[in-house]
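No value in this document is a laboratory result; all are computed from the given coordinates. All of these numbers come straight from a predicted model, not from anything done at the bench.
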């Protein structure tokens with residue numbers, strides 16, 4: 001007798017409310033969710049349609065709707081990205097103690113993490129500390145972000161920082 005689950009795709013929770021739901025996703029589902037977040041970001045920043053954004057990041061509109069429904073709204077037949085969302089995601093941040101994974105909730109916090117990584121990247125490329133300074137004393141998920149140029153320089157020298165991969 002054949003298994004009833006053969007050939008079936010694991011069920012994706014309707015909403016990822018926290019770490020437990022997130023950890024139930026397999027690697028392919030996490031990648032699909034990441035691409036959905038990218039597509040929604042394009043919809044917000046460039047004002048493109050769901051279809052255009054999905055194809056630009058290498059996924060389908062259905063996948064974006066499945067994993068990013070909380071960040072989408074319908075206007076007639078079109079899906080549009082709402083200004084901000086409260087969706088959960090686990091992200092890597094460069095803290096005063098090193099690279100740490102933190103739980104984030106919301107597009108504004110995810111954007112802040114991205115801006116911090118951009119500041120680290122700019123410092124690594126040019127030595128410009130101006131962007132790092134704005135993160136002095138700032139905390140995300142209870143973790144203080146690295147803003148001291150000497151500390152950031154030390155982490156960069158140690159290696160192991162993948163600036164391009166901030167989503168866990």
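Tell me the angle of helix 149-158 to the major Cα principal axis of the chain, expressed in degrees between 0 and 90 and rounded to the nearest ten.
Approximately 60 degrees, to the nearest ten.
What are the equivalent ellipsoid semi-axes of segment 56-122, built from the alpha-carbon gyration tensor (square roots of five times its eigenvalues), in whole angstrom, biggest first?
28, 12, 11
Counting just the Cα atoms, what span does segment 22-105 cover along each of its three principal axes? Round to the nearest Å and put the largest first.
Rounded to whole Å, the extents work out to 47, 26, 20 Å.
I'd like the orientation of helix 107-126 relative to the chain: the angle between its Cα long axis and the longest Cα principal axis, in ° from 0 to 90, rounded to 10.
The angle comes out at about 40 degrees.
Extension gain residue 45-residue 156, at 0.36 nm per residue separation less the Cα-Cα distance, in nm?
The residue 45-residue 156 span can extend by a further 37.0 nm.
Taking segment 100-145 as the region of interest, what is the percent of Cα-Cα pairs per 5 angstrom bin, listed from the shortest bin to the one with the maximum distance?
5, 21, 30, 24, 14, 5, 0
Restricting to Cα atoms and excluding each atom paired with itself, what does the Kirkwood estimate give for segment 53-168 in Å?
This gives a value of 15.7 Å.
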